[in-house]
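Just below is one structure, and these are the notes that go with it.
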Amino acid sequence: MDIKVTVRAEQGGTYVVDLNGEIDVYTSPKVKDALGDLIDKGHYSLLINLEKVRYIDSTGLGVLIGGLKRVREHGGSVRLVCTNPQIRKIFDITGLVKIFGIYDDEEAAMRALV
């Protein structure tokens, strides 16, 4: 399986990273590169849309945590949109729900970034 990564700029300087597919040991480098490129270009307000992600493993979680750490070093934030109950459960079980803002839709996540 593969991952499709699409990046789009929103008003207010927030960048939305849409992910579609599975985030695992094989596809995580693509996600890491996309997040790293944004951060390297000085974009520290990120919204990662996981609505079309069907699976995420520990490598994928590590990429998201690494991106969050890098963004926070610059006073930025990362918000996640996640509607898949299985994916949401992984964030609950691992306790990552406490460090990531997780929202049901992009509109709610965008409001939280302001």
Return one quarter of the surface area of the convex hull spanned by the alpha-carbon atoms of the chain, equal to its mean projected area, in nm². 6.1
If every Lys and Arg gets +1 and every Asp and Glu gets -1 at its Cβ, then about the Cα centre the chain yields a dipole, in debye to the nearest 20, of 260
With Cβ to Cβ distances under 14 Å as the rule, what net charge do the other residues near residue 34 carry (K, R +1; D, E -1)? +1
Relative contact order in percent for the chain (Cα pairs under 8 Å, 6+ apart) equals 24
If each residue of separation counts as 0.36 nm, what is the full-extension length gain between residue 105 and residue 26 once their alpha-carbon separation is subtracted? 25.7 nm
Most exposed first, judged by fewest Cβ atoms within 10 angstrom, 87, 3, 23 run 87, 3, 23
Tell me the net charge near residue 103. Cut-off is 13 Å between Cβ atoms, residue 103 excluded, with +1 for each Lys or Arg and -1 for each Asp or Glu. -2
Okay, helix-only estimate at 222 nm for the chain: each DSSP H run of n ≥ 4 adds -39500 (n - 2.57), divide by all residues, round to 500 deg cm²/dmol; what do you get? -12500 deg cm²/dmol
Net charge around residue 21, counting only other residues with Cβ within less than 10 Å of its Cβ (Lys, Arg = +1; Asp, Glu = -1)? +1
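Quick note: the coordinates plus some simple rules give every number you see, no bench work behind them. This one's a predicted model, so the numbers in the text were calculated from it and none came from an experiment. Note that we place each Cβ from the backbone using ideal geometry, even for glycine, and neighbour counts take in every protein chain shown.
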